[in-house]
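What follows is a set of notes on a single structure, which appears directly below.
The values are calculated or read from the model by the stated rules, or taken from the named source; none is laboratory data. Just so it is clear, the structure is predicted and the values come from calculations on it, not from any experiment. Here Cβ is always computed from backbone atoms with ideal geometry, including for glycine, and neighbour counts include all displayed protein chains. Ligands, DNA and RNA are stripped out before the accessible areas are found, and what is left, the full protein with its side chains, is counted by its heavy atoms. Shrake-Rupley method; radii C 1.70, N 1.55, O 1.52, S 1.80 Å.
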Amino acid sequence: MNEIIEIKEMSFAYEEKWVLKEVNLAVKEGEFLAFIGPNGSGKSTLFKLILGFLKPQKGHIRIWGKPAEKLSARGRVGYISQNVRDFNHSFPATVGEIVGSNLYQEMGFFKLMTPALTKRVNRALKLVEMLDFKDKPIGKLSGGQQQRVFIARTLVTEPDLILLDEPLVGVDQEAQNDFYRVINQLHRELGITIIMISHDLHVISSQVNRIVCFRGGKIFPHCSSEFDYNDYIRQARKEDKLLIPSHQHEE
Amino acid sequence: MLEIFSYSFMQRGFLVGNVIGLVVPLIGVFLNLKRLSLIGHTLSHVALAGVALGIFLGVYPVSLAIIVAVAAAIGIENLRHSGYRGYAELSLAIILASGLGLATILISLSDSNVAVYSYLFGSISLVTRQDLLLIVPLGVVVGVGVLIYYYGFFSVAFNEEEAQLSGVPVKIFNIIFMVMVAVVVALSMRIIGGLLISSLIVLPVAASLQVARSFKGTVFYSMLFGVISVNTGLFLSFYWDLAPGGTIILTSVSLLLLTFVFKGIKRVSKIKELILGEKRVGNEKGTG
C-alpha cells in the first residue's frame, strides 16, 4: 500500500511552547486510524498541520509526496472540524445547499450547480442515508442527522482521505452506532483512508486498524488498544502539566 | 401615465430606488448571517464623513463617501481578523467613533448643513443624473457579482474554515464583500439616508427569515421585500408628502409584522390539524 501521509521529525510550537516535538508518523492508503490523547496533546493541531492550515517549525509533513502547506488537491482531503456542529442553527439553508456548496471549486467560472454536480450531491446524501432530507432545513435535524449531513458534505468532493475531529461529541448512542456503520462502509467499500480523533478508546479500538496515542507533545504511532485508558489519561495529564500547560491552546 | 411618473426626479428616484431595493437586502442576507448587521450603521456614519468632506472641498460627495466607506470597511475587516479577533463589535465601534468624530468636525466647518441633512435622511427630489449614472451601474455590478459568486459567499457565511478547505479564497472574499457593502451603503445614502440604511439591510432579511425554507428562498424573499418596501414607500411618500426614507423603512417594518402574523396563522392551523388528526384516530379506535 502507498503512503498517503509522511511526517518526519516534525515539531510545531504555538508562540514559545512546543505542542508537538519530533513527531514521526506514516499513514498508508486505506487505513482507518484513531488519534487519542488528553486535551491539549496536539491532536487537532496535527490535523491542522496535515491540512496545511499551520506550518511546522521543524521537519516536514508530506501528503501524496508534496508538502502539506502546498497541497493543491484540496478536494482529495475531507475534514470535519470539532466545532462544525456549533453553527448557527437558524442558518436558513437546506441539507442539499449545505452539501452542494462544498463543490465550489468544481462549479466553473459562473459557479453554477450543474445537473452533474446535483447528481453528486444526491449520491453523497444517499451514501449517508440522508437523501430524503435534502430539502429540509439543516437546523431542524437531530445532532446525529446533522453529523451525517456533514459527512456527506465532505464526501461530495470524493476525497481519498477524511479527517474527523471528535465527530461524536454530544451525539447519542444510537446516532453513534449509525455513524460508525456509515464510516465503516465508506472505509470498506470506497477504500477511503480515515483518521478520527476520539476520547472513547473502548469504542474506537473495536472500529479502527490502528491507534495513535498523543502525550506530552510526543506521539506513539502503534498504541496497544488493550492498555488501561484511565491510567494513560491520568499519567498523560501529570506529564502534560510539566510539558504542555493545558491553558496553552485549545484543541 | 400616473402623475408620479411624469416628474423626471421621481423617474430617477424609482430607478435608483429599485436598484438599491434589490442590492441592499441581497448584501444584507450575508451580512446578517455573518452576524455583522450593524456594519451598515457604522459605514453610513463613516460615509457621512466622506459626504461632509466632499461638501467642504466642493467635490461630488457620493464619490468621496464611497472612498471613505471602502477604506473604513477594509479597516474593520483587518481589525476583525487581527487586533480584535472574536470581538467583531469592537472593531465596528472603533471605526464608527472615528468616522462620526471626523464627520462632526467636517460638518461644522462646512456651511451647507441642508445638504448634509439630505444625506442623513435621504432626499428623493435631489437624486441627480450624476447620481443615476453612478448608482445604477455600480449597483448592478455588485448585485451580479454577489449572484455569480453566491456559493462562495454562502460557504464563507456558513463556516470560514470549511470554506477555505473547499477552495474558496476566504480572505479575498471577505475583503471584496466588505468593499461591496461599503459601496452599497454609500450609494444608498442619497435615497434612504445614512441614518436609515441599516434598517434596509436588516428588515427585509428579518421578514424573509420568517417565511423562507432555504437559503435561495431567503435571498429571493429578501430582495422581493426590499423592492416592495422601496416602491410602496416612494408611492406613499409622494402622495402623502412624507419623507421617502422613513416611509420606505416603515413599509419594511409593516412587511415584517405581516410575516409574523402569517407565521402565527400557519402555526395555529398546524396545531388545529394535529388536534383534528388525533381526534380522528380516537374516533376510529372508538368505532373499531
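Computed quantities for the displayed model
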read-out: Among the residues listed as B:Thr104, B:Thr128, the single one being of a type in the set (Val, Ile, Thr) and under 22 Å from B:Leu15 (Cα atoms); value: B:Thr128
read-out: Sole exception among (1) touching a helix residue (DSSP H, G or I) at 6+ places or on another chain (Cβ under 6 Å); (2) over 30 Å from B:Gly54 (Cβ atoms); (3) open to solvent by less than 40 Å² (accessible area, probe 1.4 Å) for B:Tyr150, by number; value: (1)
read-out: Pair list, Cβ < 8 Å and 6+ apart or interchain, from segment A:90-104 residues that are farther than 16 Å from B:Val168 by Cα and in a strand (DSSP E or B) to residues that are of a type in the set (S, T, N, Q) and open to solvent by 10 Å² or more (accessible area, probe 1.4 Å); value: A:Thr94/B:Ser214
read-out: Selection count, segment A:121-179, where residues are in contact (Cβ under 8 Å) with a residue 60 or more places away in the chain and of a type in the set (Asp, Glu); value: 4
read-out: Sole exception among (1) more than 14 Å from every other protein chain (Cβ to nearest Cβ); (2) open to solvent by less than 20 Å² (accessible area, probe 1.4 Å); (3) not in a helix (DSSP H, G or I) for B:Leu195, by number; value: (2)
read-out: Residue list for segment A:57-104, filter: over 15 Å from A:Ile5 (Cβ atoms), modelled with pLDDT of 85 or more and basic (Lys, Arg); value: A:Lys58
read-out: Selection count, segment B:210-232, where residues are open to solvent by 40 Å² or more (accessible area, probe 1.4 Å), free of Cβ contacts under 8 Å to residues at least 24 places away in the same chain and within 11 Å of chain A (Cβ to nearest Cβ); value: 3
read-out: Candidates B:Val156, B:Val141 - the one that is within 14 Å of another protein chain (Cβ to nearest Cβ) and either over 26 Å from B:Gly17 (Cα atoms) or under 18 Å from the mean Cα position of the chain (by Cα) (or both); value: B:Val156
read-out: Lone unmet requirement of (1) open to solvent by 70 Å² or more (accessible area, probe 1.4 Å); (2) within 30 Å of A:Gly96 (Cβ to Cβ); (3) under 17 Å from the mean Cα position of the chain (by Cα) for B:Phe121; value: (2)
read-out: Residue list for segment B:262-288, filter: of a type in the set (A, V, I, L, M, F, W, C) and exposed (fewer than 11 other Cβ atoms within 10 Å of the Cβ); value: B:Ile265, B:Val268, B:Ile271, B:Leu274, B:Ile275, B:Leu276, B:Val281
read-out: Qualifying position, being open to solvent by 40 Å² or more (accessible area, probe 1.4 Å) and either outside any helix (DSSP H, G or I) or among the small types (Gly, Ala, Ser) (or both), among A:Ala124, A:Ala116; value: A:Ala116
read-out: Condition broken by B:Ile201, with the remaining ones in (1) without any contact (Cβ under 8 Å) to a residue 60 or more places away in the chain; (2) away from chain A (no Cβ under 14 Å); (3) open to solvent by less than 10 Å² (accessible area, probe 1.4 Å) satisfied; value: (1)
read-out: Number of the exception - A:Ile162 against (1) under 21 Å from A:Lys48 (Cβ atoms); (2) part of a loop (DSSP other than H, G, I, E, B); value: (2)
read-out: Test: residue in segment B:3-25 that is within 14 Å of chain A (Cβ to nearest Cβ), within 22 Å of B:Gly245 (Cβ to Cβ) and in contact (Cβ under 8 Å) with a residue 40 or more places away in the chain; value: yes
read-out: Verdict on A:Arg62 being farther than 30 Å from A:Lys21 by Cα and surrounded by 16 or more Cβ atoms within 10 Å (Cβ to Cβ); value: no
read-out: Residue tally, condition farther than 15 Å from B:Phe158 by Cα, out of contact with any Lys or Arg (no Cβ under 8 Å at 6 or more places or on another chain) and within 11 Å of another protein chain (Cβ to nearest Cβ), over segment A:95-134; value: 10
read-out: Output for segment B:6-38, where each listed residue is charged (D, E, K, R) and surrounded by fewer than 21 Cβ atoms within 10 Å (Cβ to Cβ); value: B:Lys34, B:Arg35
read-out: Flag if B:Ala206 is surrounded by fewer than 24 Cβ atoms within 10 Å (Cβ to Cβ), within 14 Å of chain A (Cβ to nearest Cβ) and under 14 Å from the mean Cα position of the chain (by Cα); value: yes
read-out: Every residue from segment B:117-164 that is hydroxyl-bearing (Ser, Thr, Tyr) and either under 30 Å from A:Arg76 (Cα atoms) or modelled with pLDDT of 90 or more (or both); value: B:Tyr149, B:Tyr150, B:Tyr151, B:Ser155
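Rundown of residues vs (1) among the acidic types (Asp, Glu); (2) out of contact with any Cys (no Cβ under 9 Å at 6 or more places or on another chain); (3) open to solvent by less than 30 Å² (accessible area, probe 1.4 Å), yes/no style:
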position	(1), (2), (3)
A:Leu20	no, yes, yes
A:Ala26	no, yes, no
A:Glu29	yes, yes, no
A:Gly40	no, yes, yes
A:Ser44	no, yes, yes
